[in-house]
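The values are calculated or read from the model by the stated rules, or taken from the named source; none is laboratory data. Not measured: the values here are computed from a predicted model. Please note: Cβ atoms are built from the backbone with ideal geometry, for glycine as well, and neighbour counts cover all protein chains shown.
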Amino acid sequence: MATVGSAVGLGNIWRFPYQAGENGGGAFLLTYALAVLLIGIPAMVAEFIVGRESHLNAVGAFKKIAPKKAWGGIGYLGVFTGFMIDCYYCVVTGWTLYYLFLAASDNLLGLSVDQYSIMFSTYSSGVFPPIFALVSVILITGVIVSLGVQKGIETASKIMMPLLFLLLLALAVNSCLLEDSQTGLEFLFIPNWSEFTIDTILSAIGQAFFSLSLGMACLVTYSSYFTDDVNLIGTASKISVIDMGVAVLAGVIIFPAVFTFGMEPEQGPGLVFKVLPNVFSQMPLGYLWSLLFYALLFLAALTSFISITEVVVAYISEAFKISRVKSVILTGLTFTLLGSVCSLSFGPLSGFTIAGKNIFDSLDYLATNILLPLGGILTSIFVGWRLDKKVIEKQLNIKGKKGAAFLKVYIFFLRYIVPASVTCVLVTGLLS
Ligand code: PHE
């Protein structure tokens, strides 16, 4: 459940809908689903194998299995990617905290569609309010991470995740009853290939990695705590299905509303923040629904933020031989600084762009579409080529003829399918 807590977060509810909105809806969903099945699940199992075999964190795990070899680089790459994601993840988690505050203080409902768009743009482009929110997020996370309360996260996830799922289900039914729901559902489920490019595939692969918490050795750390009776393939499949289910539910909630309220699906990172208040405004008991939704969204974002931060904090405290608390303070201060720069890239720093993208979008693109897939390729190559087959056999608990055939197919995926397909898309996407 803690691993589900890491996977299910802003990636599903905030990132999936706006990526689908920008990349043609149904075609993106289909590509993303294929990426989860063919690349995500094998890569997740590979991270689990490394984690449970070594019982160590990101950097230590690779070093232990392949001592004195450059493979430890996968761990360093993971720490670096996590560091980058943290810099902007805290900004969006801050937005959810602000909306939770608006919902709780009853200042969210009853505005018009345009007013909600202006409200988000004014807020996110401001200076102090979004920075105040992100600093609060960093402080809360800092306290939790320095206490090292893994058990607390597991317990919280056990209660929260099913509740979030039920809530999303109810909101999805509500959205399906909206006036123009059919257009929204068609947008999400019927592929329109006219805008399909290599960049759509790259974004779908990146989304799969981001949403499944893959490619930065985060799940290596989580699975280092798995006991021997945990079935790795079953667990990876379950997590992936739940994670994809949550993303699809978010899409079913958002797109019918987008079309009913006459909005555009291509709104970028602000999409769910602009659309959802309209939905709550027209629901009976809107105050309660919105309060519950933003509370759960904030907690889901927080558990994912914690999981990324854990990788960075654990590494810093080991590498510099400083206490956990000192490491938390150091990383917290750095995230405050860099997170503020990301936040300001929606306002005063919006003129500063790289290839037409502001700082926030550039970091997200680099981390999600390039570094996470790269981490995934390297981990697959490591497990497929470097790791002893017997270790894989033992970790996957493989027996009999059928098992041997399965192992062959799995190793073939790790050796060829995952690295070749992701490299192809990555290189073509970057050159195009
Ligand atoms: N999977 C998390 C989400 O969907 C984000 C994340 C990425 C967490 C990478 C850990 C590692 O929000």
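Looking at segment 121-145, I want the residues that are free of Cβ contacts under 8 Å to residues at least 60 places away in the same chain and have a partner that is among the aromatic types (F, W, Y) and part of a helix (DSSP H, G or I) with Cβ atoms under 8 Å, at least 6 apart or on another chain. Which pairs are those? Once the first residue is free of Cβ contacts under 8 Å to residues at least 60 places away in the same chain and sits in segment 121-145, its partners that are among the aromatic types (F, W, Y) and part of a helix (DSSP H, G or I) give Y123/W95; Y123/Y98; P129/Y98; P129/Y123; A133/W95; A133/Y98.
Annotation note: of I239, I233, I254, the sole residue that is touching a Ser or Thr at 6+ places or on another chain (Cβ under 7 Å) and either within 23 Å of F360 (Cβ to Cβ) or of a type in the set (V, I, T) (or both) is I239.
Here is a yes/no grid of residues against (1) charged (D, E, K, R); (2) touching a residue at least 60 places away in the same chain (Cβ under 8 Å); (3) more than 23 Å from L291 (Cα to Cα):
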residue: L168; (1), (2), (3): no, yes, no
residue: L177; (1), (2), (3): no, no, no
residue: D180; (1), (2), (3): yes, yes, yes
residue: I190; (1), (2), (3): no, yes, yes
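Taking segment 382-432 as the range and being among the aliphatic types (A, V, I, L, M) and closer than 18 Å to A35 by Cβ as the test, the residues that pass are L414, I417, V418, A420, V422, V425, L426, V427, L430. Taking the criterion of being in contact with a Ser or Thr (Cβ under 9 Å, 6 or more places away or on another chain), modelled with pLDDT under 90 and buried (at least 17 other Cβ atoms within 10 Å of the Cβ), the only residue of segment 378-432 that qualifies is G429.
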